[in-house]
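Okay, structure first, notes after.
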Amino acid sequence: MKRDAGERRGWIVRQWGTVSAGVVLLVAATSDVIGAERHMMQPRVPADQLAEARALTNPLPESPETLATGKALYNGKGTCFNCHGRDGMGNGPAAAGLDPAPRNFHHHGFWRHRTDGEIFWVIKHGSPGTSMIGFGSVLSDEEIWSIIQYERTFAGGHGRGMGRGRGMDEMDHRGPRGGQGECEGERCGR
């Protein structure tokens, strides 16, 4: 059966309409999946507890003793190294099977966008949607604060913007430029 030009045009329009609808559905489905993934900078503390967590401050002094205690707990009782690695790069022996991957504590953005209180909350209660379980039944609050001070040493001097309650004014520090070890931002003390 031969179709005239009008019929062929109608058939093509119907076919492209079906293809276009399929593409729209595929894009919509993909964006839902991508939207469900949590960006690294998104808070890990539930929204209804975020203000309270951000208000928490580390009561321990910044001292060699606190760092030594934190390091011992990180590599021992806290078992942090199993996922985050001894070097804090998220490459511990258990990391390969985890999705999403454990935090890389060397990433300057992680530290710039979190308070000590948020990190405390995640260590104590866990991080919903990740493999990070809560350690509140294993570690005391003081032990958690010690671990946080030790974990901050992985930041290499970057990212104290929100971390110690100093406020958003220090958020202009942008960390290493292109991995070359140079810093951007006028306030870099490295």
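The values are calculated or read from the model by the stated rules, or taken from the named source; none is laboratory data. Note that this is a predicted model, so its numbers are computed, not measured. Surface accessibility is based on the protein's heavy atoms, side chains included, excluding ligands, DNA and RNA. Shrake-Rupley method; radii C 1.70, N 1.55, O 1.52, S 1.80 Å.
Compute and list, largest first, the equivalent-ellipsoid semi-axes of segment 58-127 from the alpha carbon gyration tensor, each √(5λ) rounded to a whole angstrom. Present the calculation step by step, with values, prior to reporting the outcome.
Values: eigenvalues 81, 49, 27 Å².
Semi-axes (√(5λ), whole Å): 20, 16, 12.
Quick check: the distance between the Cα centres of segment 44-73 and segment 122-143, to the nearest angstrom?
Spelled out, the Cα-based centre of one part sits 12 Å from the other.
What figure, in Å² to the nearest 10, do you get for the accessible area of H106 with a 1.4 Å probe and non-protein molecules left out?
Per-residue accessible area (H106): approximately 80 Å².
If you rank Y150, Y74 by how much accessible surface each has, with a 1.4 Å probe, what is the order from largest down?
Largest accessible area first, the residues go Y150, Y74.
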